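I am attaching a structure below and will ask some questions about it afterwards.
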Amino acid sequence: MDKTLDGKKLADMLNSELTDKINKTFKETGTRPGLATILVGQNTASQVYVNIKHKTCAQVGLKSIKIELDENISKDNLIQVIYDLNKRTDIHGILLQLPLPSNLRPDTPLFLGEISFHKDVDGFHPINRGKLFDYDESLAPCTPKGIIALLEHYDVELKGKDVTIINRSNLLGKPLFLMLLKRDATVSVCHTSTKNIERYMKQADILILGVGKPRFVTGDTIKEGSIIIDAGINRVEGKLCGDVDFDDVIDKCSKITPVPGGVGPLTVSFLLQNTYFAFLKQLKLV
Ligand code: GUN
């Protein structure tokens, strides 16, 4: 039996459906959704991610512009760039790629709060975070949205399930916690100060993690028949891998995401979905 939760395949399907929707609204309105990314500095991984986002935008017929800024840009100038994008009527989504360079990083919440919440396709603005608290996922973070879509696509029951998340970030663990709670799962969120983390891993019907440590999860740390969602991205000897020792857990788990080809493509897909939703909202089409 194939145990793979194929994120790439689902993302391709969603992107193809989105292409049709974008073409249809283009015929009706003469406008295409527009996404702007802002990349500050020279972080190589961020450059790769941003390029993938633009490539996928082009595939689905979404207009995208890339703004690349020097890492020494002042706080005020970065805010001005955001304001200019907030005002542009051809730009419906704005993404400030994280992490910011160390000099600007402490002000990350300030910059995220300056992006118009209507254009906040990352779901990081305090208003959109607050909406998620009320289970409104319309502009919610893309990686958790992708994980939920993947589980739902494969008909994984969430109600009453014990789910362990190992990650407490604003990008993954915190929003995912709310999305799983909404779907009646019982959720444990683990982090660096969690005592006896193996206990939480072993009790999980569904284990979701992004810790940045290759082989953090092995066969003897999971429950028999559990579902593993690996949102880790690591590079070992030039090869991309997740946080799970795939070969060691494959016999014991019932389903698992590969890395690459699992969560990653869905994050991009939901960025485009969010941009399309923001576009429809701004044109008062929904
Ligand atoms: N850096 C890593 N993942 C993300 C993401 O989903 N959005 C942004 N803005 N930055 C990121």
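The values are calculated or read from the model by the stated rules, or taken from the named source; none is laboratory data. Note that the structure is a prediction, hence the values are computed from the model and not measured. Positions of Cβ are backbone-derived with ideal geometry, glycine not excepted, and every protein chain shown enters the neighbour counts.
What number of residues within the range 236-273 are under 16 Å from Tyr154 (Cα atoms) and surrounded by fewer than 16 Cβ atoms within 10 Å (Cβ to Cβ)?
Going through the range 236-273 one residue at a time, the tally reaches 1.
Go through the range 88-99 residue by residue and tally those that are within 15 Å of the ligand (Cβ to nearest atom) and surrounded by 23 or more Cβ atoms within 10 Å (Cβ to Cβ).
At the first step, the residues of the range 88-99 found to be within 15 Å of the ligand (Cβ to nearest atom) are 93-99.
Cutting the leftovers down to surrounded by 23 or more Cβ atoms within 10 Å (Cβ to Cβ) gives us 93-96.
The number of residues fulfilling the criteria is 4.
Kindly establish whether Lys213 is in contact with a strand residue (DSSP E or B) (Cβ under 8 Å, 6 or more places away or on another chain) and surrounded by 19 or more Cβ atoms within 10 Å (Cβ to Cβ).
Spelling it out, it is not the case that Lys213 is in contact with a strand residue (DSSP E or B) (Cβ under 8 Å, 6 or more places away or on another chain) and surrounded by 19 or more Cβ atoms within 10 Å (Cβ to Cβ).
Here's another thing I want to ask about it. So, Arg183, is that one crowded, with 16+ Cβ neighbours inside 10 Å and either under 15 Å from Ala231 (Cβ atoms) or of a type in the set (D, E, K, R) (or both) or not? I'd like the intermediate steps shown before the answer.
Working: crowded, with 16+ Cβ neighbours inside 10 Å: yes; either under 15 Å from Ala231 (Cβ atoms) or of a type in the set (D, E, K, R) (or both): yes.
Yes, satisfied.
Given the criterion of a type in the set (A, V, I, L, M, F, W, C) and either within 16 Å of Lys161 (Cα to Cα) or exposed (fewer than 15 other Cβ atoms within 10 Å of the Cβ) (or both), identify the matching residue among Ile206, Ile233. Explain how you work it out, then say what you get.
Numbers: Ile233 fails: either within 16 Å of Lys161 (Cα to Cα) or exposed (fewer than 15 other Cβ atoms within 10 Å of the Cβ) (or both).
Ile206 is the lone residue from the list that is of a type in the set (A, V, I, L, M, F, W, C) and either within 16 Å of Lys161 (Cα to Cα) or exposed (fewer than 15 other Cβ atoms within 10 Å of the Cβ) (or both).
Let me ask you something else. So which residues in the range 90-118 are assigned to a loop (DSSP other than H, G, I, E, B), within 25 Å of Arg32 (Cα to Cα) and in contact (Cβ under 8 Å) with a residue 24 or more places away in the chain, if there are any at all?
Within the range 90-118, Asp90, Ile91, His92, Gln97, Ile115, Ser116, His118 meet the criteria.
Just one of Ala45, Ala58 is surrounded by fewer than 18 Cβ atoms within 10 Å (Cβ to Cβ), over 20 Å from Leu171 (Cα atoms) and not β-branched (Val, Ile, Thr); which is it?
On the way: Ala45 fails: over 20 Å from Leu171 (Cα atoms).
Being surrounded by fewer than 18 Cβ atoms within 10 Å (Cβ to Cβ), over 20 Å from Leu171 (Cα atoms) and not β-branched (Val, Ile, Thr) holds for just one of Ala45, Ala58, which is Ala58.
May I pose another question? Quick one: which of Leu112, Leu69, Leu85 is touching a Ser or Thr at 6+ places or on another chain (Cβ under 9 Å), of a type outside the set (Val, Ile, Thr) and either modelled with pLDDT of 95 or more or within 14 Å of the ligand (Cβ to nearest atom) (or both)?
Numbers: Leu112 fails: touching a Ser or Thr at 6+ places or on another chain (Cβ under 9 Å); Leu69 fails: touching a Ser or Thr at 6+ places or on another chain (Cβ under 9 Å).
From the options Leu112, Leu69, Leu85, the qualifying one is Leu85.
Kindly indicate the residue of the range 166-190 that is under 13 Å from Leu207 (Cα atoms) and within 16 Å of the ligand (Cβ to nearest atom) and also farthest from the chain's Cα centre (by Cα) among those meeting that condition.
Start the filter on the range 166-190 by keeping residues that are under 13 Å from Leu207 (Cα atoms), which leaves 166-167, 173, 176-177, 180, 185-190.
From what is left, the residues that are within 16 Å of the ligand (Cβ to nearest atom) are 167, 173, 176.
Numbers: Asn167: 13, Gly173: 11, Leu176: 10 Å.
Step by step, filter the range 166-190, then rank; the result is Asn167.
OK, next. Where residues in the range 1-60 are closer than 23 Å to Lys145 by Cβ, of a type in the set (Val, Ile, Thr) and not in a strand (DSSP E or B), which of them is farthest from the ligand (Cβ to nearest atom)?
Only one residue tops the list, namely Thr25.
Restricting attention to the range 260-286, which residues are within 15 Å of the ligand (Cβ to nearest atom) and of a type in the set (A, V, I, L, M)?
Result: Val263, Leu266, Val268, Leu271, Leu272, Ala278.
Continuing with the same structure: Given Lys223, Lys174, which one is in contact with a Lys or Arg (Cβ under 9 Å, 6 or more places away or on another chain), within 30 Å of His118 (Cα to Cα) and not polar (S, T, N, Q)?
Exactly one residue qualifies, and that residue is Lys174.
In a loop (DSSP other than H, G, I, E, B) and either in contact (Cβ under 8 Å) with a residue 60 or more places away in the chain or within 26 Å of Ala45 (Cα to Cα) (or both) - does that describe any residue in the range 142-154?
Yes, the conditions are met somewhere in the range 142-154.
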